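Read the figures in this text as sums done on the coordinates, not as results from a lab. Small disclaimer: the values here were computed from a predicted structure and weren't measured. Glycine gets a Cβ as well: all are built from the backbone with ideal geometry, and neighbour counts include every protein chain shown.
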Amino acid sequence: MTGINEGLKMKTTAKPVAGLALALVCAACSHIPLLGRGGGNDAAAAPAAAEKPATPAVAKAEAAAPAASAPNAAAQAEASAADHIELKYAFQSNAAPDRVYAAITGVARWWDSSHTYSGNASNLSLDARAGGCWCEQLADGGSVQHMTVLSAMPGRMLRLSGGLGPLQAAPVTAVMTWTIKRDGAGSEVGMTYLVDGYYPGGLAKVRGDVDAVLGHQLERLQGYIDHP
């Protein structure tokens, strides 16, 4: 009987000790910081927080893999896709450089009305001088500044700064540069649009839309120059 009683006593004592150890472990866990969260059910969130970093880590490793064969070019291309937009366009025209420049600055005559705030491209104006505004008048007396002229060189180059469309609402830096070179009796026309900065969800999210809209506008410009 004595042995049995002692065995029972050991079992009874073991339970509080095990419970105390478990309580200490849980207490320590409650102080582990949860990345990217504030408040809420910490106990339920802990497994998700522990598992989440695994996916980005794999993605980064896979993205970095091509760098082994081309360490610089591959890494820069991968980074630029998410951080900025770089678009380039070019076309040939039979018109002389001065005529092309005048057409570009007469934006109200070729810009698509469906890509304006007022719904009418005739409300657009471009003051082609340093500090000048590419602006739009609204029916209620309001106005919109689309871009600001940085450099104006008639017949040669026009450079503007500003985020178009959805980019206007984001803290981004955007520069559009038009270049015009004489090509025989006509001209070689080029345009670049460079965007860098923060955009919710990443600039890659809107790159396709910006490209589609600007490409469409250049087609309209070319048609206007060749068939005014």
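Residues whose amide H falls under 5 Å from that of residue 147, counting only those 5 or more places apart or on a different chain, are 134, with hydrogens built in the peptide plane.
What is the extension gain from residue 114 to residue 96, computed as 0.36 nm multiplied by their sequence separation minus the C-alpha to C-alpha distance, in nm to one decimal? Write out the running numbers ahead of the final one.
Working: separation 18, 0.36 × 18 = 6.48 nm, distance 2.92 nm.
My answer for the length gained is 3.6 nm.
With all pairs of different C-alpha atoms in the average, the Kirkwood value for the hydrodynamic radius of region 83-226 is 15.6 Å. Taken along the Cα-to-beta-carbon direction at a fixed 7 Å, the label points for residue 213 and residue 139 span 2.1 nm.
Residues within the reach of a label modelled at residue 157 (point 7 angstrom out along Cα to beta-carbon, backbone nitrogen below 12 Å), restricted to region 177-212, are 177-181.
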